[in-house]
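K.L.:
Here you go, one structure.
Readers should treat all values here as calculations from the given coordinates under stated rules, not as data from a laboratory. If you're wondering where the values come from, they're calculated on a predicted model, not measured in any experiment. Reconstructed Cβ throughout: ideal geometry from the backbone, glycine too, with neighbour counts over all protein chains shown.
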Amino acid sequence: MIILAIETSCDETAVAVVEGTGDIYESEMNIRSNVVHSQIDVHAPYGGVYPSLAKREHAKNLVPVCLRALDEAGYEMSESTLADAPEDVQENIEHILEREPELYAAMLDALPLARPDIDAIAVTHGPGLEPALWVGINFARALTTLWGLPIVPVNHMEGHILSGFSKGNTFPLGSHVVPFPSLALLVSGGHTELVLMHDLFSCTFIGGTRDDAVGEAFDKVARVLDLPYPGGPAISKLANDAPPRTDEDISFPRPMLHSGDYDFSFSGIKTSVLYAAKKFEALSETTKRVFAREFQDAVIEVLVKKTIAAAKEYNVHALILGGGVSANTALRDVFTQAVAEELPDISLHLPDKRATTDNAAMIGLSGYFRFLRGDTVDPEHVSAHGNLSLEE
Ligand code: KG4
Ligand code: ZN
């Protein structure tokens with residue numbers, strides 16, 4: 001079966017076509033196309049993502065991104081578009097998109113009237129920025145109305161978890177394939193969560209950040225060091241270029257390392273970096289590199305040590321890393337080494353580097369299982385949930 005997946009929870013407009021075979025226990029999924037339009041350039045001048053700006057950009061980009069995803073998946077598109085549809089269909093869709101008139105106008109002229117060979121539409125309904133989520137949801141509702149397809153709402157974080165199971169472009173998945181119990185560490189711009197997965201659809205939240213998310217801390221420290229947004233890649237690059245550590249180098253705190261639970265706190269490290277930076281009139285390139293490396297080391301040490309401790313306590317069979325920060329090379333390396341040394345019998349699942357940041361293929365993976373489980377809903381009942389939890 002073929003899923004068209006839509007993701008607009010933050011600042012990437014993404015559409016993918018995913019083909020799944022097999023059942024909920026054992027299946028294989030192939031990514032036929034995965035198109036991501038990043039809004040980073042639009043948000044960078046503000047140093048963060050602005051929800052209303054993100055919403056406007058999604059409305060502008062969804063139709064071209066969707067057409068590219070269909071084209072790259074190999075579909076021949078019909079010449080006739082929504083503008084050729086019966087009036088009542090057009091009115092229905094115009095009503096669904098009454099808050100996105102620009103999106104409706106783009107659909108009229110470009111969206112093929114004939115349904116491509118697709119079986120269902122999956123769309124992110126949370127967590128994320130609600131105005132941004134709504135654009136994707138309304139687009140999905142409009143497509144289901146036009147093409148007569150079922151719709152499956154997907155939790156964005158579940159997508160990040162499943163991204164860890166890639167073998168190239170193929171994902172062997174299913175509840176008999178993924179080793180349970182598994183522990184997932186989700187690290188992104190909005191989340192830092194340790195999730196114990198009992199099965200594909202059942203999990204318990206065992207810890208998380210009490211203040212800033214890890215990605216957010218990277219972004220804030222980047223601002224202190226006068227680096228562009230998003231801060232993660234910029235800090236990671238500076239840290240890689242840093243000179244070897246010396247005893248005189250500054251060291252930042254490891255907050256909550258020994259707190260006895262699985263919670264985190266990252267706002268204190270950010271404040272330490274800020275105070276340390278204020279002692280200099282201007283930061284030299286070398287000092288910036290040392291700060292970047294020391295900040296990154298502090299964050300990684302806390303993340304890895306607490307995650308490994310949780311993996312031991314809960315006797316998990318697999319560790320999964322997901323979310324934008326899992327692109328960080330040092331984090332991946334330290335995790336790989338720690339698992340090899342301390343938990344050699346468990347498997348470590350890292351997403352392909354290109355699949356770490358937000359994309360729609362991951363929504364398609366989750367959508368396939370949700371569809372098999374019967375989680376389709378009436379299009380009118382899909383709505384955005386900014387704080388949607390993984391725990392059901
Ligand atoms: O998952 P994601 O694309 O979007 C959210 O759902 O938030 O994550 C984006 C976050 C940003 O905070 C960005 O700075 C961070 O991931 N990030 C990184 C790296 N690449 C992206 N953080 C550290 N190292 C990286 N290489
Ligand atoms: Zn994300």
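K.L.:
Please give the peptides 192-198, 168-174 ranked by average Cβ packing (other Cβ atoms within 10 Å per residue), highest first, as a rough proxy for protection.
P.N.:
192-198, 168-174
K.L.:
Calculate the length of the line joining the C-alpha centroid of region 1-44 to that of region 177-208, in whole Å.
P.N.:
Taking the Cα centre of each part, region 1-44 and region 177-208 sit 20 Å apart.
K.L.:
A follow-up question, please. Before rounding to the nearest 500, sum -39500 (n - 2.57) across all DSSP H runs of length at least 4 in the chain and divide by the residue total; then give [θ] at 222 nm in deg cm²/dmol.
P.N.:
-13000 deg cm²/dmol
K.L.:
Projected onto the charge dipole of region 180-345 (+1 at Lys/Arg Cβ, -1 at Asp/Glu Cβ, origin at the Cα centre), which of H191, H317, L227 gives the Cα projection farthest towards the positive end?
P.N.:
L227
K.L.:
Would you work out if region 6-82 is rounded, prolate or oblate? Take a ≥ b ≥ c from the square roots of the eigenvalues of the alpha-carbon gyration tensor; rounded if a/c is under 1.5, else prolate when a/b is larger than b/c, oblate otherwise.
P.N.:
oblate
K.L.:
Still on this structure, please answer the following. Work through the residues other than F266 whose Cβ is under 15 Å from its Cβ and net out their charges, Lys, Arg +1 and Asp, Glu -1.
P.N.:
So the environment of F266 carries a net charge of -2.
K.L.:
Tell me the relative contact order for region 82-192 as a rounded percent, counting alpha carbon contacts under 8 Å between residues six or more apart.
P.N.:
Relative contact order here is 24 percent.
K.L.:
Something else: So, in Å, what gap is there between the alpha-carbon centers of region 81-118 and region 235-283?
P.N.:
Result: 51 Å between the Cα centres.
K.L.:
Can you give the angle from 0 to 90° between the axis of helix 101-110 and the longest principal axis of the chain, with both taken from C-alpha atoms, to the nearest 10?
P.N.:
The angle comes out near 60 degrees.
K.L.:
Could I ask something else about it? Any chance you could count the Lys pairs in region 180-345 whose alpha carbons are under 16 Å apart, treating pairs 8 or more apart or on different chains as valid?
P.N.:
10
K.L.:
Per-residue HN-Hα couplings for region 130-147, Karplus 6.51 cos²θ - 1.76 cosθ + 1.60 at θ = phi - 60°, whole Hz, x for Gly and Pro?
P.N.:
4, x, 6, 4, 4, 4, x, 5, 5, 5, 4, 5, 5, 5, 5, 5, 5, 9
K.L.:
Assigning unit charges at the beta carbon (Lys, Arg +1; Asp, Glu -1) and nothing else, what dipole magnitude in debye, to the nearest 20, does the chain show about its Cα centre?
P.N.:
1280 debye
K.L.:
Now, a different point. Sorted by mean Cβ packing within 10 Å, highest first, what order do the peptides 85-98, 236-249 take?
P.N.:
By packing density, highest mean first, the sequence is 85-98, 236-249.
K.L.:
Please list, in chain and number order, the residues 5+ apart from S33 or on another chain whose amide H is under 5 Å from its amide H, with Hs placed from the backbone.
P.N.:
V17
K.L.:
Right, next: For the chain, what does the relative contact order come out to in percent, with C-alpha contacts under 8 Å and a separation of six or more?
P.N.:
Computed over the chain, the figure is 24 percent.
K.L.:
In the neighborhood of A330, defined by Cβ-to-Cβ distances under 9 Å, what is the net charge if each Lys or Arg adds +1 and each Asp or Glu adds -1?
P.N.:
0
K.L.:
While we're here: What is the helix-to-structure angle for 214-224, meaning the angle in degrees between its Cα long axis and the longest Cα principal axis of the chain, kept from 0 to 90 and rounded to the nearest 10?
P.N.:
70 degrees
K.L.:
Normalised by the residues of region 274-392, what does the relative contact order come to in percent, with Cα pairs under 8 Å and at least six apart?
P.N.:
It comes to 23 percent, rounded to a whole number.
K.L.:
Of A83, A327, A16, which is the most mobile in a GNM of the chain whose springs link Cα atoms less than 10 angstrom apart?
P.N.:
For the chain, modelled as a Gaussian network with Cα springs under 10 Å, the answer is A83.
K.L.:
What order do you get for K270, K167 when you list them from fewest to most C-beta neighbours inside 10 Å?
P.N.:
Ranking K270, K167 by Cβ neighbours within 10 Å, fewest first, gives K167, K270.
K.L.:
Can I ask one more? Could you tell me how many degrees, from 0 to 90 and to the nearest 10, lie between the Cα long axis of helix 231-240 and the main elongation axis, the longest principal axis, of the Cα atoms of the chain?
P.N.:
Helix 231-240 and the main axis of the chain meet at about 40 degrees.
K.L.:
By counting other Cβ atoms within 10 Å of each Cβ, how are Y46, Y104 ranked from fewest to most?
P.N.:
Ordered from fewest to most neighbouring Cβ atoms within 10 Å, Y46, Y104 come out as Y46, Y104.
K.L.:
So which aspartates and glutamates can K353 reach, going by Cα to Cα under 12 Å and dropping same-chain residues fewer than 8 places off?
P.N.:
none
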